[in-house]
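As structure tokens, the structure follows; a few thoughts come after it.
Every number here is computed from the coordinates shown, using simple stated rules; none is lab data. Just so it is clear, the model here is predicted, and its values are computed rather than measured. Note: ideal-geometry Cβ built from the backbone for every residue, glycine included; neighbour counts use all protein chains shown.
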Amino acid sequence: MNAESLILFKFYIMIMPILFIIGIFAVMTAKNIVAIIIGIEIMTKGVTLLLAASGYFGGNPEIAQNFIIVMIIIEVVILTIASGLIVNIVKKYDSLSTKNIRNLKG
Amino acid sequence: MFLLLVLIPLFLVLLLNLNLYKVNYKIAVLIAGLFSLFQMFFIFSPNFFSTGLVDLLSLRFECDGISWIMLFSIAIVSFAAICVLYASETIASGKKFHFVNLVLLALAGMNGLVFVRDIFSIYVFIEIIAATSYVLIALDKTKKSLEASFKYLVISSVATVMMLSAVAILFMAAGSTDFIKVAQMYKEYGANPLIVVASVFFIVGLFIKGGVMPFHGWLPDAYSASPNPTSVFLAGIVTKTTGIYTLVRLYAIFDFNYSMQLVFLVFGSLSIVIAAIGAINQDNFKRMLAYSSISQVGYIVLAFGSGTILGVFAGMFHLFNHSVFKSLLFVNASALESRVNTNQIHNMSGLASRMPVTSTTSVIAFLSTAGIPPLAGFWSKLLIVLALWFSGNKEFAVLALLASIFTLTYFLIMQKKIFFGQLKEKFNTIKEARFTIRLASLFLCAITILTGLFFPIILNFMAFLFSF
Amino acid sequence: MNIILSIIIPSAAGVLIYLLPSKFNKTKNVLFLAAAALNFLIAVVFYGKIICICDASAYLVNLFFRNYELNSFMAVFLAAVTLITSIYAVAFMKQNKKTQVFYGSMLLALSCVNGVLFSDNFIFFLFFWEALMIPMFLMIASGENKPVPTAIKAFTISAVADLCLMFGVMLVCVAGDSFSISKGICELKAVVPGTYGLFTTTAFIMLFIGAAAKLGAMPFHSWIPEASAKAPVAFMVFMVTAVEKILGIYLLIRITNDFFIIEQSSFISVSAMTFGIITALVANALAMVQTDFKKMLSYASIGQAGFMIVAVSTMSVIGTVAALIHMHAHVIYKSGLFFVSGNIEKAEGSTDMNVIKGGLRKSMPYTFVAFLLSGAAFAGVPFFYAFYSKEMIYESALSVHWIFYAGLLICSLIAIITIINWGARLFFNGQNNSAFEDKEASTWMFIPTIIFALACALLGLFHQVPLKIISVVLNLNLPETHSNVLTVILILISLILFILAVLNFIKAYKKKTDYLGYALPAAKFLKIDKLNLNENLDPYNIFISFIKRLSKVLFVADKALNYFYDLVIPAGIGEMARSTRKAHNGNMSVYLLWVLIGIVCIFIIF
Amino acid sequence: MENLYIHIFLLALIVIISVFAVSHYRIIRGAILLGAVSFLVSISLFMLKAPIAAMFELSVCTGLITVIFISVISLTNPVYAGQKKINEMSMVKKIIILFLIVAVCGFFIYLFDEKNINWIPVMNDAQKTVTTKDSLWNLRHVDLIGQALILLTGIFAVVVLFKKGKEEK
């Protein structure tokens, strides 16, 4: 862990919270349902970067690669389910605005 | 040997879908029911009690007392869910077939999660169970269930992101994601702020999955909007396995200094009180049950917060009890819904006369949740309060006791509104719930009563479980 | 046989009288008299014998009765008085349901008093002491013109006093750690060799209050005048003068001689004496301005109770003896006077001054004679019995401090004035036109009055005899030759007193209006006469009104509390529930906001 | 370590493009920008000595996910021009807010750095070199089962969600 990589490491560790906040902000202020999914995607991008960085700086990047691959697969499946849900929601409301997923109250 | 419990459901799913012959949903449901019964008795076989690390196929599976309890409750709740599925008319037969597949996959996921000893695989199995439950919730594609499932998906993917980042940081520090290595790493770097941030993120992720109070937004919608069998399955076991069981696993890794325990205590008591208040005069029956399950989960988290082995022991016992009588309540809710086909409490009253079995079993479930002596709930709450008392944080013990008054209030209100009082004229033609639902509720009710009455036996059996 | 009979027989007779249907009136009267006579016989037979009745250790309470001389002397004296009063009562009261109740409860009271006198165990002592209240209540209740409120008043006042007594007894038992009075006695002495720890002083004060209340001292007196107006005369004689005084003095003597050893002029005894003096002064002043003869008599008896308290609390040998003798004399002449008032009431229908027209000298010569004799004893005329007891009290008071002696003198001066005034008013102002064919009291009523009157006179003459008996009873050796110079002075002073009173009377007599003479302006000056009319000073009424106000306030508080529980809490929780439900407004970003807030709190906690 | 600057440049670019992706008023533009972000991420993965992962990311994330997104968006509704104006305004507002947040976060990290608390655990050096291939296949069997299960759930999800049930036809 020499000096440059220490600085680089700090940058990578920093990237995760930034992307996380952007993602959360996108989800919360989304007008359109798909924007929420985009927000989530960005958060997962952040995590992939973090995984790669921890592998690289932690010394065994191969296992990190493995984690990233598994994670991408899982994330794709989740995304398909999400898009399925969106398609069905749109079938019911035929509009993408997030207003119509606010009526489960109480 | 442990692998079997994960692989069998996988093979069953493949078998069912090869459609070598016309497989209608009845056979599928039968197979699923048989599997859950099989699991119930299979885990009593001796080798489950040895801590041998089965390295078959270099898998690092391991089963100790805690996972045994989880396996047992998984089996029970899935059996109940499948019975409810068989009897529910609202879901089309095609959907029921898919429901069975998804339940089997979820079972495989949960069994896997219970055996695994590696934080990344924990993440993987949690994701599997989450994915299956998204689909299960949105099974009957009504507006409500779609919205609930979407919300659940969004919020738990946020949780996943948090957990994964924590896994990444721990992996970086420990070099490998195995429990033991991470635990060693923790001893040295425990105080390092980065590691602390990682463990906080991990805890928050699990809190979201478990539905602890400030992070529970999705839970009431998911439970109340999902179709009947899903809500039984979800409320009974899914949230507890993904959320609370993993907390126990991490308990061994993170060295629980006082501030971590304080987090558990504060959030546990917060969820107990506010959820109980939220449940008080709720109009939707399932939503009320959702709030009550949040508060009971709060009790479990409170028990873990005490930081002692007795606390973990009490938490696990309450987890088992809670999964039993909560799924019983949801079974009764589905029975009611199947007969009165509405969840609104205000137009249900005096059903005890028409539906005796459902009402008696739900009364027993209510009493057990509130913690009335002869039943199981009382013993686990007693253990929790004792654990808290001996571990020194007496004020939380007192709070736990007082909160059970709230539980009693909203259950009594519920009891009075739904089951007693004079029968509405339009209900006097309804019959008792179908056979399988009655079977499920009687089965669960028997378990609650038995654990309650034979508590000493169960106590030292669990002590034995915790010993190895 | 043994002394316990004296408890069993009267109570058995009393119960029997209650039970027998009303048509056996005659037999009831006979039974009543027979029981009184038998009780007298038993008391005499077992006089002075130390008898231990069954030591029922089975009951963990050594229930034995000791028959000290003092107890048995008191018992005999009480038996005699009850016998006479029973004769009088049978003659005086008209036969109706109430009188049966009266006879029964009188016998019960008699047995209770015997129980108190003979019990050697604090528990039984207290049991009988408390049990006395029930017959007392019944006796008052059996009077005319709605006596029940007075009965309740009497009951509550004596209950409060007995409460203090019980507390005192408890303290004594705890100190002596045994329930037996005799053993307790010596123990306490050892424990209390003159030191006045908080424990012993409170015990003494509590017991003192109990005894003083029984005697009818100031704060606890307000029921006696009312009872005198409402309850039958026999009750006044038996209960108020005889029983109360006997028990009070018995307990006071037990306290001062046996339980505690207190120096003569120590702080406690001085404060007790001032208490006594104040009671005497106020009571006598009130007696002076009374318009009803019987009320005057009851206030006077409270005054004499003050005398006795002063005598006892001098803690000296002579003081105790004086108290006992004075109690003895007081009972005799007060009963006499009460019987006289009974006769008048029988004849005139009421003893209120503006009703009866006086001048009964001609119509009721014998009662007049009896009045003269007992009135003289009351006034303390020399050669009458009460004079010697009063003189001894003066001597004991003087030995402590001359202030007390002066106070006592004023009291007796006022007493003399009142009795002369009443005598003149009743018997001497001659407007009595014989419209009333008021006949003399019936023979049976007259005999008890004349017995008591003669007793005052005879005992006065041979006053050495009772003195000897009482000093033997108290086994205290009287200082035989108290300096006769002192006696001479005392006699002279009381003579001057007497002359003064007569002069005052003569002067008042001319004006023919009121016979109080000089005393009247003094009374007006002190506004005493207005004092007792509107009864606002009566502690009992103050207490009751206070209780009423308190209950009103509590009722309001209770209503507020109920309101709080029934409405506020459910509404509060309902509100909270509604707010939590509103919080879940379905908007996902709100849920995520909570998640962020949760994370922030965790970091705060860390 | 000349590629230090490249790393930092890449990271900065990722942050900027993701801000634009999130706040863009036209969703399709957002999806495309998202693809760009994932492309940049795969490049940085290459830099971090994780080639297979980078390739995977490239093919799946940039490819498949962007395709799914665009299909979902177009499947649901054609873009109606109505609210163009309002969206633009909201887009500008979002961008400003996001940059603000990024600045605050940067300052926060800088603050941490200043206090130079040792918040970086001392890394242990690489135990043994193991190639991704055998790490994937023999070291992580558990995950294989996991992947199998997740894929099956994916299949059933698609069946359940997209196939029109009898009642819908």
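Values as computed for the structure displayed
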read-out	value
Ranking of D:LEU13, C:LEU207 by count of other Cβ atoms within 10 Å, fewest first	D:LEU13, C:LEU207
Whole-Hz couplings from phi, Karplus 6.51/-1.76/1.60, listed for the stretch D:66-75; x for Gly and Pro	4, 4, 4, 4, 5, 4, 4, 5, 6, 4
Proxy reagent accessibility, fewest Cβ within 10 Å first, across C:LEU281, C:LEU19	C:LEU19, C:LEU281
Sorted by Cβ density within 10 Å, fewest first, the residues C:SER363, C:SER271, B:SER271, C:SER142	C:SER271, C:SER363, C:SER142, B:SER271
For the stretch A:3-97: relative contact order, % (alpha-carbon pairs under 8 angstrom, 6 or more apart)	27
Cross-link table B:LYS96/D:LYS163; C:LYS334/C:LYS468; A:LYS92/C:LYS582; A:LYS105/B:LYS144, entries beyond 19 Å C-alpha to C-alpha	C:LYS334/C:LYS468; A:LYS92/C:LYS582
Mean separation of Cα contacts under 8 Å, 6 or more apart, over the residue count of the stretch B:266-468: relative contact order %	28
Anisotropy class of the stretch A:3-97 from Cα gyration tensor, a/c 1.5 cut	oblate
Shape category assigned to the stretch C:541-605 from the gyration tensor of Cα positions, a/c cut at 1.5	oblate
³J(HN,Hα) computed for each position of the stretch C:292-306 - Karplus, 6.51 cos²θ - 1.76 cosθ + 1.60, integer Hz, glycine/proline x	9, 4, 5, 4, 4, 4, 5, 4, 4, 5, 4, x, 4, 4, x
Whole-Å semi-axes of the stretch B:266-468's equivalent ellipsoid (Cα gyration tensor)	32, 19, 12
Average beta-carbon neighbours from other chains, 10 Å sphere, peptide B:202-212	2
With at most 10 other Cβ atoms within 10 Å, longest stretch of chain B clear of loop trypsin sites (Lys or Arg not before Pro) (DSSP)	B:23-430
Average beta carbon contacts from partner chains per residue of C:573-585, 10 Å cutoff	6
Other protein chain Cβ atoms within 10 Å, averaged over every residue that makes up B:83-95	1
HN-Hα J in Hz across the stretch B:268-282 - Karplus 6.51, -1.76, 1.60, θ = phi - 60°, x for Gly and Pro	x, 5, 4, 5, 4, 5, 5, 5, 4, 4, x, 7, 4, 10, 6
Stretchable slack from C:VAL30 to C:LEU495, in nm (0.36 nm times residue separation minus alpha-carbon distance)	162.7 nm
Pairwise label distance in nanometres, C:ALA557 with A:ASP94, each label 7 Å out on the Cα-Cβ vector	7.1
Listed residues A:ILE37, A:ILE78, A:ILE24, most fluctuating in chain A (Gaussian network, C-alpha, under 10 Å)	A:ILE78
